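Each value in this text was obtained by applying a stated rule to the coordinates, not by laboratory testing. Note that this is a predicted model, so its numbers are computed, not measured. Glycine gets a Cβ as well: all are built from the backbone with ideal geometry, and neighbour counts include every protein chain shown.
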Amino acid sequence: MSVRVQAEDFDMAHELAGFGGSSAGAIVTFTGIVRDTKAADLQAMEIEHYPAMTQSALEAIEADARRRWSLDDCLIVHRFGRLRPAERIMMVATASAHRADAFAAAEFLMDYLKSRAPFWKKEITRDGEVWVESKAADETALERW
Amino acid sequence: MSVRVQAEDFDMAHELAGFGGSSAGAIVTFTGIVRDTKAADLQAMEIEHYPAMTQSALEAIEADARRRWSLDDCLIVHRFGRLRPAERIMMVATASAHRADAFAAAEFLMDYLKSRAPFWKKEITRDGEVWVESKAADETALERW
Amino acid sequence: MIDVVYFAWVRERVGLPKEQVETSATTVAGLIEELRAREERYQLAFSDMSAIRVALDQTLVDVDAPLAGAREVAFFPPMTGG
Amino acid sequence: MIDVVYFAWVRERVGLPKEQVETSATTVAGLIEELRAREERYQLAFSDMSAIRVALDQTLVDVDAPLAGAREVAFFPPMTGG
């Protein structure tokens, strides 16, 4: 079980080595990647966060997931700073004896992380800088849990 | 987009290198691992399949997922033969611009793969060999799609 | 003449992975009845039809599917991949 | 005296990431009213309250939360992590 907030890139194979131990039959991962938006020629994505709050907010979300589902392991890694298109932004991983639990917990982590963890994304294009707006769908997604 | 059936192990980092291209912001993976069941001291898992049917069955499931969701990429790798505890059995990966599509497609692939792809698992323990029984829940899981 | 293939415990109960069968059955269910009438090992393999799945030429079908034109019929338990 | 921190476009509109504020407000909403009364840049930052999120001592709260005992209040737009 771990939560990390960092500027550096991470390596999925390294993160998943030994993940889940010997009792987990199902591992689900989600990886978020800087998307090269067709509309506006993205040059970089700047991710700001609230250092005093980020780690504890992610730990609270992770603890909530562990209460709701039977998880053998759980991981959240989220980067901040300036990222280029195609770079990894973040990942979550969940391990469980049962695939339904691993999937549900990973989706839950993502839904909460999107709307309840203190990160803000700004897209830097040739035309200027634009803060990414939150989507109504992201708030709605929380209602199912 | 690819489907592979093989005896050899696979490497997740290698499978995911370049996966999704530049337009996918969300990548979901599921990995199935031979679980060391506490009950019966598992020595090995033997996976039998129907070679003439397996590839085409997996390709049909993958094509169905691509029709239902907007996917930038999709991968199914499934092993057969004798595997030891903690070895990887299979993986699916989905890439999409949107996380909801990537998650739904990965769950769909897993649900169909569990009950509609011609694989059968046998657990080999010190007490003998037992075919893994299908779960009613796996059949029920298909009804939601 | 049709190729019949068996997998998992159906294969173990029948005692072989594959055989050619001379049949006058018009449906999968008819073929199963012919096999059951032959020998006890087939009765054992097909004792619980709720646990039998069928593919005709590598496509899943119901037991009442017609055999006409099919070259290979496969019998196996519910699949347990993933 | 309370530490006030700003993030993302709230920070950009206010023009600084952090400041200490002398306040007599008893709730977050009261503090926001005081700030808005000060200068136009605060009016700009808090012009659409539906787009403002608040944390008191690093815990998300509603704007009507009491300030009593809090050491740090944070104002920011809806979060966009993941």
Output, in nm with one decimal and in ascending order, the distances from the B:S56 label point to the matching label points of the other copies (7 Å from Cα along Cα-to-Cβ). 6.1
Sorted from largest down, what three extents in whole angstroms do the Cα atoms of the protein assembly as shown have along their principal axes? 96, 46, 34
What is the fewest-to-most order of D:S24, D:S47 by other Cβ atoms lying within 10 Å of their Cβ? D:S24, D:S47
What list of ³J(HN,Hα) couplings, whole Hz, do you get for the range D:19-29 from phi and the Karplus terms 6.51, -1.76, 1.60, once you set θ to phi - 60° and write x for glycine and proline? 7, 9, 10, 7, 9, 10, 5, 9, 10, 4, 4
Please label the shape of the range B:2-63 as rounded, prolate or oblate, based on the square roots a ≥ b ≥ c of the eigenvalues of the alpha-carbon gyration tensor (a/c under 1.5 means rounded; beyond that, a/b larger than b/c means prolate, else oblate). oblate
Starting from the range C:1-69, pick out the GluC sites (Glu not before Pro) whose DSSP state is loop and whose Cβ has at most 13 other Cβ atoms within 10 Å. C:E22, C:E39
Cβ density ranking, 10 Å radius, fewest first, applied to A:I89, B:I27 yields A:I89, B:I27
Mean other chain Cβ within 10 Å across B:124-134 is 2
Identify the residues of the range C:9-48 with backbone N under 17 Å of a label point that sits 7 angstrom from the Cα of B:A60 along the Cα-to-Cβ direction, or state none. C:28
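Once a ≥ b ≥ c are taken as the square roots of the eigenvalues of the Cα gyration tensor of chain A, is the result rounded (a/c under 1.5), prolate (a/b larger than b/c) or oblate (a/b not larger than b/c)? If you can, show how the numbers build up before the last one.
Numbers: a/c = 2.00, a/b = 1.67, b/c = 1.20.
Prolate.
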Which angle from 0 to 90°, rounded to the nearest 10, does the C-alpha axis of helix A:99-116 make with the longest principal axis of chain A? 40 degrees
Using just the helices of the protein assembly as shown, give the 222 nm mean residue ellipticity in deg cm²/dmol: DSSP H runs with n ≥ 4 each add -39,500 (n - 2.57), and the total is spread over all residues, rounded to 500. -9000 deg cm²/dmol
Exposure proxy ranking, count of Cβ atoms within 10 Å, fewest first, for A:F119, C:F46, B:F103: C:F46, B:F103, A:F119
Hey, got the average number of other protein chain Cβ atoms within 10 angstrom for residues in A:51-58? 4
Tell me which residues come under 5 Å, amide H to amide H, from C:V61 once H is placed; ignore anything under 5 positions away on its chain. C:V54, C:A55, C:L56
Principal axis dimensions, the range C:2-76 - Cα atoms, whole angstrom, descending: 27, 22, 21
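Taking every residue in B:100-110, how many Cβ atoms of other protein chains lie within 10 Å of its Cβ, on average?
Whole-number average of other-chain Cβ neighbours for B:100-110 is 4.
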Could you work out how far helix A:51-68 tilts from the main Cα principal axis of chain A, as a 0 to 90 degree angle to the nearest 10? 40 degrees
Could you calculate the FRET efficiency of A:E129 with B:E15 from 1/(1 + (r/R0)^6), where r is the beta carbon distance between them and R0 is 22 Å, rounded to 0.05? 0.05
A from B by rotation - nearest chain B beta carbon to the axis, in Å: B:A13, 2
